[in-house]
Amino acid sequence: MPQPVRDGTPSRDPGVHGWSKPWSDDAGGACVEVMKLADGRVAVRQSTDPDGPVLVFTPREMSRFLSGVKAGDADFLL
């Protein structure tokens with residue numbers, strides 16, 4: 001039985017297929033890739049490190065994050 005996906009899990013564990021790149025830099029290098037897991041959680045990884053660890057968010061956490069970004073809560077990072 002496969003190990004459950006959790007924060008820090010190697011990104012190959014959820015599988016190599018199903019990752020998307022909704023955010024990308026203009027130079028075509030570093031991208032944030034995401035994968036919706038079977039249980040509804042969202043795995044996030046750095047495209048330049050495809051074997052590196054993933055961060056895993058619940059649907060509620062991802063929804064709050066995206067709502068905050070859309071509302072400008074992260075604009076101070078620019």
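Evaluate E = 1/(1 + (r/R0)^6) for ARG12 and SER63, where r is the Cβ-Cβ distance and R0 equals 22 Å; express this FRET efficiency to the nearest 0.05.
For R0 = 22 Å, the calculated efficiency reads 0.25.
Order by neighbour count: ASP51, ASP7, fewest other Cβ atoms within 10 Å first, most last.
Least to most surrounded, the residues fall as ASP51, ASP7.
Each value in this text was obtained by applying a stated rule to the coordinates, not by laboratory testing. The structure presented is a predicted model; accordingly, all values stated were derived computationally and were not measured. All Cβ positions, glycine included, derive from the backbone under ideal geometry; neighbour counts span all protein chains shown.
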